[in-house]
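**Q** Have a look at the structure that comes next, please.
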Amino acid sequence: MVKYSILTIARNALTGHKNWPKQWRSPEPKSEYDVIIIGGGGHGLATAYYLAKEHGVRNIAVLEKGWLGGGNTARNTTIVRSNYLWDESAAIYEKSLQLWEGLAQDINYNVMLSQRGVLNLAHSLGDVREGVRRVNANRLNDVDAEWLDADGVKEFCPIINISKSARHPVLGATLQRRGGVARHDSVAWGYARAADALGVDIIQNCEVTGIKRDGGKVTGVETTRGDIAAKKIGVVAAGHSSVIAEMAGIRLPVTSHPLQALVSEPIKPVIDCVVMSGAVHVYVSQSDKGELVMGAGIDSFNSYAQRGSFHVIEHQLGACLELFPIFSRVRMMRTWGGIVDTCPDASPILSGTSVEGLYFNCGWGTGGFKATPGSGWCFAHTLAKDEPHALNAPFSLSRFESGALIDEHGAAGVAH
Amino acid sequence: MLNIDCPWCGKRHETEFRYGGEAHIARPEDPAALDDTEWAEFLFMRKNTKGYFAERWLHNNGCRRWFNVIRNTVTHEIVGSYKMGETPPKLPKSAGGAK
Amino acid sequence: MTQHFRTASGGRIDRKKAINFTFNGQKYIGYEGDTLASALLANGVHLLGRSFKYHRPRGIVAAGAEEPNSMVQLGEGATTEPNIRATQISLYEGLTARSVNVWPTVEFDISAINGLFAKIMTAGFYNKTFMWPRAMWMKLYEPVIRRAAGWGKAPTTGDPDIYDHMHLHVEVMVVGGGPAGLMAALAAGRARARVLLVDEQGEFGGSLLSKKRQIGAKDEMAWIADMLAELEAMPDVTLLSRSTAFGYYDHNYLCVLEQKTDHLPAAERKGKVRQRVWHVRAGQVVLATGAHERPLVFADNDRPGIMLASSVQTYVNRYGVLPGKKMVLFTNNDAAYETAIDLQAAGGDIVAIVDSRAEPSGELVEAVRALDIEILAGYAITGTRGGKRVESVQVRAIQKGAKVYTSAARRIDCDLVAMSGGWSPVVHLFSQSQGQLEYDEEKACFLPGTKRQAQQVAGALAGEFTLKECLAGGYKAGADAARATGFTPKRKPAAPEIDEPALGGIEPFWVVPGARPIGEGMAKHFVDLQNDTTAADIELAVREGFESVEHIKRYTLTGFGTDQGKTSNINALAILSGILDKPIPKVGTTTFRPPYTPVSYGALAGRNLGDWSDPVRVTSIHDWHVENGALFENVGQWKRPWYFPKTGETMQDALNRECLAVRNGVGVLDASTLGKIDIRGPDAAEFLNRIYTNAWAKLGIRRVRYGLMCHEDGMVFDDGTTARLAEDRFLMTTTTGGAAGVLDWLEEYLQTEWPELRVYCTSVTEQWAAVSITGPTAGALLKKLAPEMDLSPESFPFLSFKEGVVAGIDARIFRISFTGELTYEINVPWACGLALWEAVMAAGAEFDITPYGTESMHILRAEKGFIIVGQETDGTTTPQDLGMDWIVSKKKPDFIGKRSYNRSDTARADRKQLVGLLTEAPDEVLPEGAQLVFDANAPKPMPMMGHVTSSYYSATLGRSIALALVKGGHEKKGQKIFAPLLDRTVTAEIVDPVFYDKEGERLNG
């Protein structure tokens, strides 16, 4: 792998950039692999990378039905944070954030992690209670967290409207300073390049059409590019997890929904942090290009269409203007949708299944991007050792039978 | 913005409705007779079909009736809607990306 | 400054109406009918901005929505707007605009120094650097990148303008008011369908506004006028100009942005809606969105003065402007020749026509030859010169297939280059509607293929590039749309005689090599002008393994600008196809995403702001609360009194006073917001048996019972009391925030699981106002208000209700209690709420009656250990966790939630359970949300045992109290537990959650 640096760029500039190598190969699939990862998004590529790097597995293929990084990796709002309520979530997301913090150097690819701070706003006394509870839990879990009152919010993000007469006024916020944003595409490309350098075959335009089993054990996959044998299969197919599960005769507690996002036209820097409001349904940050990047909640209905309904966008912009009245004359430039796989408890599944050698990593819902490194790291461990790491053990499929859910929906906010 | 055909009111904007997920999941007659796995099946496991999918909607800003819809989750095409307890309409032969 | 570049006559401008405007501080004059772009060109201003990466000088390229360059900061102060294309700004008196992202000026821009580093700033360069040293990314590199980013600026204050939304249902919606769209609307309108015709421009007519055409006996303007006159006379036809259909969604749902005042001087905008978003559901949609001309990709094709040929024609014919006086036309098709003819007729010089085709022929070519204009056939522009304006071009004979042209170079001086690479139909909306595109080799463009929605396509969008085809195609599309929605179209009118030149072919020419291979030397072949993406960037991306068109787009940023790549996407695709040696259709297109052109947030939010962002619900007693100084808490959509401070009181003072009044005298609470559901039917009791965890069959008439509701997973989700009004009728109460959800829950089970149950539910929340009087003297107070009523415990025991007259109002009085004191909750018809409240206050004066709010209510109930759903519960809490096993029936075979209790995790003994906490220091009030540990010195991550759910200072007890969920808490009473806070650790003892009157002796006063 050619090391990327300003020096290599300068050297290549002298030769008209004619000598840059491919960032990854486009190999033909081999007939057999030790591990096949289904899904060439950030999570799948990270899994392959850590399998090769941390566990010495070399004979790995990542099968991607379209172009790598073309699913939710390309469609999210790039927010990174680890300030989750429950111990189990905090642990895995914090592992992920720690990996983020050294990722550019580790994979020699600038993923442009920008730790500008994430505010989660509270708009009701119930929100305040929930926020303080989360900050306290984070702190004791060694996850950086602060509680800001409304004035503190205003100080941290001066353009926010904290008027008490707002319909749902800002009463305070949690702040995670280490949270922020990263460049979504670069994450997929960086992991792809690093995994490729360790010998991982990334095979694009290769759709899995069947899972082959011998009794209770997987033996390989059928694909649009032929059958490929495998000792183990890790499914990291996000919104399409259920489709793969059905091929293997497994049921998942997962439903797929559209999740929409949008960007404004690029404007000069105006907001220097990430602001999220679960209560009024909007989150906002500004990209390195100057676009306001915004997201909201999922569309209610099941879908595989990568598009949602426009009223969701309009509602989100109304909420945005309640918080940021100065954005009224800024213009929405582009909207898009992804398909997110949601679990009943809004927590993921990283788990073995009733089929030997078949593992699933799914159910990340609206929160998958931030988890990319940690998810890959834990899933690689699970695939290599045939048992979960302590970090992902709680995120098993069996929790739906035992009832040990990790319910990140949090408090319902209902009060007398 | 889907245009959903309420069997009582006719076609209305999606914003008048609430989604109810997969249709035809009957609550078990005797939950106590089920083991944890079977109970989890009822509670959490869902079809999540890619293609024609039977799902429930509630016309909550309208007649407030629950009903079922057959919709293609790839194209969002709605084949038809039917009242609770009625037989689903026939599915078209595979269309647009459906599996 | 005078308008040196105005034509002597002509154009759709009103030369009698001069308009003053300012650009970059300089004053100019234009005419009514101008756009900012045409007025600037009339004044000889071409340099409008700088490019994104290299800050190269950039000018006006196009005349409409496809313009990649000329973004300006429009207006000033609170109404300023960033990034508006000068080509889409109608000129108005007093307009001010500035170039964006230049410093100090567009003429002299410091950041142009970036050009020196162009060799380093290739596609994706930022992925490869800025990584060392790690700390510098956040400290130096990113701040510098961010400062350089962005175009214009957001206003610094809120928006004084108003916006709104409209909804419309029509049979036929026509998008695009050019010749095809007008004909489509006419056909559908004559068939008597309801029709909506929208066009983004201020005038209908589309391409006809820029071309001279004789249509039958009329010229183009007369033809447009007659069409509009007929359409306007039709009552069911709606015409919206300045209205852009920006999104095409499922089931023929389209959104349209109407700009109602943006073309008016400031004084005429006041009080009017600025922009309106129309939400249209159409039976059929006719797309007649036209086509955009493509630029040609040649060396340094970005200098100001290099424009699209058809746009030059538009400026000449529509706006009476000569974009230049010495023009070179560079084309690969002969439609563009008309521009040369029109410019010459208007007084410009055509220096040469550079045609990449070896043997151009056809009517237009011959017409140009007749004008003695030099045609360089088989030639291409291989370089340009000029600083802030193009000054000359270099042309060479094309050597087919060669990567480098060694043919002799010739320099031609000029001040304008018109270019035409062919036409790209505006397939954006068609593609948004999920239609599939098909590549047409002959026309060298993507056309609509398989459609997915009820729609027709017509005009240039459908590849109909002549007016004759447009008129016929438009009429057919409109008639077909009307027929498909159940109308009978009138007979097709006879096709008029049309005077238009016949068109020859196009020979695609995607990228022009020069004396050096693309990417070598200093020349740049721009594909996306806005994002400074060059052909070399695309080559580099492919070299680095990015082969999917989506990867190319993302790696090079082509098509990611505010123009969404309207002029660049197809060129980029074709260049990629050339590099990969794959046919264009095999390379595929990227997704066309809404909106077609940018839409202001304000318009999208419409009126749904402030108090209209979410309905505000208030009780019939609300005004009294306001007048008496209550502070309010939002509970769901409701405004509830939070507490009633008296002058000089702190919040805690007020709470102490309110709570003590309840404990020692009488307090009054507006309880009207609690959800109320009337449940009727022969099976109502059975239904409640299944919904609630406890038993209901034997509840006596006029008796009341408390109930908990769980979801199927066994977790508590609502609670409240339910009274039996009759054998077959109950009145259920719910939490304030949960009312709608509970009603939905009941209906869902009745309709989908147990349709055999004969039960009917009705929300009566807003039928009954509820005034709760509570405290030792509540009985005496009620006696005053209802002297006839027997209030003895025998006649009116706890958990029962009576009907009677209270203060002259027919009422239901419930004996329930959330404070632990003797309580009467008096329900009267909603409209009588205030009258009852005032009567209670008047009669209560002698008892020093004290109104209290939700906060005191919370304290009072916490003293009694009563839970609040959503506070003591969080969706992971069972009745058993709450110590409420007593309310979970052991006898009922089944109810919702029951099966889940014996799952292994739900049956665990060490689940988080509700306990009370008493801090070691009685004045220390634990923060709600504090986490609890047994070992405060454990290293992080610290094992957490639970958290504080409720915590107050209790004036009644003279100390703080708290409720908490603690792992295995029910077995841990008497143990110490710690709350490690940011600045200190608080020690507390785990106790029973009932702090006050454990025996319940106060219930009867």
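**Q** Provide the per residue accessible area, probe 1.4 Å, for segment C:295-421, rounded to a whole number of square angstrom. Each step should come with its number before you reach the end.
**A** On the way: 4070 Å² over 127 residues.
Result: 32 Å² of accessible area for each residue.
**Q** Do you know the relative contact order of segment C:509-587, to the nearest whole percent, from alpha carbon pairs under 8 angstrom that are 6+ apart?
**A** Details: 91 pairs, mean separation 21.9, N = 79.
For segment C:509-587, the relative contact order is 28 percent.
**Q** Report the full-extension gain for the segment C:Trp886 to C:Ile162: residue separation times 0.36 nm, less the Cα-Cα distance, to one decimal in nm. Present the calculation step by step, with values, prior to reporting the outcome.
**A** Values: separation 724, 0.36 × 724 = 260.64 nm, distance 5.67 nm.
In short, 255.0 nm is gained.
**Q** Further, regarding this structure: Just grab the label-to-label distance for B:Lys83 and A:Lys164, each label 7 Å out from Cα along the Cβ direction, in nm (one decimal).
**A** Inter-label distance under the simple model: 5.4 nm.
**Q** Right, here's the next one. Residues in segment A:226-243, backbone N under 17 Å from the label point at A:Ser31 (7 Å along the Cα-to-beta-carbon vector): list them, ranges by number please.
**A** Answer for this model: A:226-231.
**Q** Can you grab the distance from the C-alpha centre of segment C:948-973 to the C-alpha centre of segment C:826-864, Å, no decimals?
**A** 27
**Q** For the ranges C:251-262, C:830-841, C:403-414, what's the packing order if you count other beta-carbon atoms within 10 Å of each residue, average per peptide, and put the highest first?
**A** Values: C:251-262: 21.9, C:830-841: 19.3, C:403-414: 14.3.
Highest mean packing first, the order is C:251-262, C:830-841, C:403-414.
**Q** Going by a 1.4 Å probe on protein heavy atoms, which residues of segment C:891-921 end up with at least 20 Å² less accessible surface in the whole assembly than in their chain alone?
**A** C:Asp894, C:Arg899, C:Arg903, C:Ser904, C:Asp905, C:Lys912
**Q** Compute the distance from the alpha-carbon center of segment C:641-690 to that of segment C:902-944, in whole Å.
**A** 29
**Q** Ranking request for peptides C:869-879, C:721-731: highest mean number of other beta-carbon atoms within 10 Å first, then the rest in descending order.
**A** Values: C:869-879: 23.9, C:721-731: 18.5.
Packing proxy ranking, top to bottom: C:869-879, C:721-731.
**Q** Okay, moving on. Order these peptides, C:294-306, C:355-367, A:158-170, by their mean beta-carbon neighbour count within 10 angstrom, highest first. Intermediate results must be reported in sequence, preceding the final value.
**A** Working: C:294-306: 26.0, C:355-367: 18.0, A:158-170: 16.4.
Descending mean neighbour count gives C:294-306, C:355-367, A:158-170.
**Q** As an exercise, use a Förster radius of 25 Å and the Cβ-Cβ distance of C:Ala358 and C:Leu580 to find the FRET efficiency, rounded to the nearest 0.05. Spell out each step's value before the answer.
**A** Numbers: r = 26 Å, r/R0 = 1.05.
It comes to 0.45.
**Q** Right, another one. For the interface of chains C and B, what total accessible area is buried with a 1.4 Å probe, rounded to the nearest 100 Å²? It would help to have the intermediate numbers written out before the result.
**A** On the way: alone 42300 and 6730 Å², together 46660 Å².
Approximately 2400 Å², summed over both chains.
**Q** Work out which residues of segment A:105-121 lose at minimum 40 square angstrom of accessible surface when the other protein chains are put back, relative to the chain isolated, with a 1.4 angstrom probe, and list them by number.
**A** A:Gln105, A:Asn110, A:Met112, A:Arg116
**Q** Could you give the angle, 0 to 90 degrees to the nearest 10, between helix A:87-101's Cα long axis and the longest principal axis of the Cα atoms of chain A?
**A** 80
**Q** Further question: Ignoring ligands, DNA and RNA, how much accessible area is buried between chains A and B, both sides summed, with a 1.4 Å probe, to the nearest 100 Å²? Before the final figure, lay out each step's value.
**A** Values: alone 18340 and 6730 Å², together 22840 Å².
Approximately 2200 Å², summed over both chains.
**Q** Ok, one more. How many nm separate the modelled label positions at C:Arg702 and A:Glu356, each set 7 Å beyond the Cα in the direction of the Cβ?
**A** Label-label distance for C:Arg702 and A:Glu356, simple model: 7.2 nm.
**Q** While we're on this one: With a 1.4 Å probe, how much accessible area is buried between chains A and C, both sides summed, in Å² to the nearest hundred? All intermediate terms of the calculation are to be shown ahead of the outcome.
**A** Values: alone 18340 and 42300 Å², together 50420 Å².
Roughly 10200 Å².
**Q** Taking 0.36 nm per residue of sequence separation and subtracting the Cα-Cα distance, how much length would be gained by fully extending the chain between C:Asp413 and C:Glu846, in nm to one decimal? Present the calculation step by step, with values, prior to reporting the outcome.
**A** Working: separation 433, 0.36 × 433 = 155.88 nm, distance 10.06 nm.
Computed gain between C:Asp413 and C:Glu846 is 145.8 nm.
**Q** Just give the residues from segment C:116-139 buried by at least 40 square angstrom of accessible area in the all-chains context relative to the isolated chain, probe 1.4 Å, and say none if nothing qualifies.
**A** Those are C:Lys119, C:Ile120, C:Tyr126, C:Asn127, C:Lys128, C:Thr129, C:Met131, C:Arg134, C:Trp137, C:Met138, which lose 40 Å² or more relative to the chain on its own.
**Q** Taking the Cα centre as origin and putting +1 on Lys and Arg beta-carbons and -1 on Asp and Glu beta-carbons, what dipole magnitude results for chain C, to the nearest 20 debye?
**A** The calculated dipole for chain C is roughly 1720 debye.
**Q** OK, next. Would you mind checking segment A:353-380 for residues with the amide N under 20 Å from a putative spin-label position 7 Å along Cα→C-beta of A:Glu101?
**A** A:369-378
**Q** Another question about this same structure. Place a point 7 Å from the Cα of C:Thr450 along the Cα-to-Cβ direction; which residues of segment B:15-55 have their backbone N under 19 Å from it?
**A** Within reach of a label on C:Thr450, which here means backbone N under 19 Å from a point 7 Å along Cα→Cβ, segment B:15-55 contributes B:50-53.
**Q** Add -39500 (n - 2.57) for each DSSP H run of 4 or more in chain C, then divide by its residues: what number comes out at 222 nm, to the nearest 500 deg cm²/dmol? It would help to have the intermediate numbers written out before the result.
**A** Numbers: 22 runs with 198 residues, N = 1005.
-5500 deg cm²/dmol, from helical runs alone.
**Q** Can you work out the accessible area per residue across segment A:273-416, with the rest of the protein chains kept in place, probe 1.4 Å, in square angstrom? It would help to have the intermediate numbers written out before the result.
**A** Values: 3350 Å² over 144 residues.
It amounts to 23 Å² per residue over segment A:273-416.
**Q** With the full set of protein chains in place, find how many percent of the accessible area of segment C:908-1005 is carbon and sulfur; take the probe as 1.4 Å. Don't skip to the end; give the middle numbers.
**A** Details: 2110 of 4250 Å².
Of all accessible area on segment C:908-1005, carbon and sulfur atoms account for 50 percent.
**Q** A further question on this structure: Among C:Ala535, C:His551, C:Asn571, pick out the residue whose Cα is farthest towards the positive end of the charge dipole of segment C:509-587, where Lys and Arg carry +1 and Asp and Glu carry -1 on C-beta, about the Cα centre.
**A** C:Asn571
**Q** Putting +1 on Lys and Arg Cβ atoms and -1 on Asp and Glu Cβ atoms, find which of C:Pro143, C:Val106, C:Gly177 reaches farthest to the positive end of the dipole of segment C:96-177.
**A** Of the candidates, C:Pro143 comes out farthest on the positive side.
**Q** For every other residue with a beta carbon closer than 10 angstrom to the beta carbon of C:Arg85, add +1 if it is Lys or Arg and -1 if Asp or Glu, then tell me the sum. If you can, show how the numbers build up before the last one.
**A** Values: positive: none; negative: C:Glu66, C:Glu67, C:Asp563.
Around C:Arg85, the charge tally is -3.
**Q** Rolling a 1.4 Å sphere over the protein heavy atoms, what is the accessible area per residue of chain B, to the nearest Å²? Write out the running numbers ahead of the final one.
**A** On the way: 4530 Å² over 99 residues.
Per-residue accessible area for chain B comes out at 46 Å².
**Q** Could you work out how far apart the two model spin labels at C:Glu971 and A:Met1 are, taking each label as a point 7 Å from the Cα in the direction of the beta carbon, and quote it in nm?
**A** Reported label-point gap for C:Glu971 and A:Met1 is 5.1 nm.
**Q** Hey, another quick one. Return the loop-located GluC sites (Glu not before Pro) in segment C:34-132 (DSSP other than H, G, I, E, B) with at most 13 other Cβ atoms within 10 Å of their own Cβ; answer none if there are none. Please list the in-between numbers first.
**A** Values: sites: C:Glu66, C:Glu76, C:Glu93, C:Glu107; in loops: C:Glu66, C:Glu76, C:Glu93, C:Glu107.
Hits after loop and neighbour filter: C:Glu76, C:Glu107.
**Q** First compute the accessible area of segment C:1-156 with a 1.4 Å probe, then give the percent of it belonging to carbon and sulfur atoms.
**A** Details: 3800 of 6300 Å².
Roughly 60 percent, rounded to a whole number.
**Q** Ignoring ligands, DNA and RNA, what percent of the accessible area of segment C:509-587 is carbon or sulfur (1.4 Å)?
**A** Numbers: 1110 of 2050 Å².
Taking all protein chains in place, segment C:509-587 shows 54 percent carbon and sulfur surface.
**Q** State the answer as a single residue: which of C:Ala930, C:Gly602, C:Ser772 lies farthest towards the positive end of the charge dipole of chain C, with beta carbon charges of +1 for Lys and Arg and -1 for Asp and Glu, about the Cα centre.
**A** C:Gly602
**Q** Mind giving me the FRET efficiency for C:Thr406 and B:Thr15? R0 is 51 Å, r the Cβ-Cβ distance, nearest 0.05 is fine. Intermediate results must be reported in sequence, preceding the final value.
**A** Values: r = 65 Å, r/R0 = 1.28.
Efficiency for this residue pair is about 0.20.
**Q** Further question: Tell me the relative contact order for segment C:288-425 as a rounded percent, counting alpha carbon contacts under 8 Å between residues six or more apart.
**A** On the way: 311 pairs, mean separation 47.9, N = 138.
Over segment C:288-425, the number comes to 35 percent.
**Q** May I ask you to compute the full-extension gain from C:Thr762 to C:Arg369, defined as 0.36 nm times their residue separation minus their alpha-carbon distance, rounded to one decimal in nm? Show your work: numbers first, answer last.
**A** On the way: separation 393, 0.36 × 393 = 141.48 nm, distance 8.32 nm.
Gain on stretching C:Thr762 to C:Arg369: 133.2 nm.
**Q** Would you compute, from DSSP H runs of 4+ residues alone, the mean residue ellipticity of chain A at 222 nm, taking -39500 (n - 2.57) per run and dividing by the full residue count, rounded to the nearest 500? Intermediate values should be presented prior to the final figure.
**A** On the way: 11 runs with 123 residues, N = 416.
Dividing the helical sum by the residues of chain A leaves -9000 deg cm²/dmol.
The values are calculated or read from the model by the stated rules, or taken from the named source; none is laboratory data. Every value quoted in this text rests on a predicted model; they were computed, and no experiment measured them. Cβ: placed from backbone, ideal geometry, glycine included. Neighbour counts: every protein chain shown. Heavy atoms of the whole protein, side chains included, go into the accessibility calculation; ligands, DNA and RNA do not. Shrake-Rupley method; radii C 1.70, N 1.55, O 1.52, S 1.80 Å.
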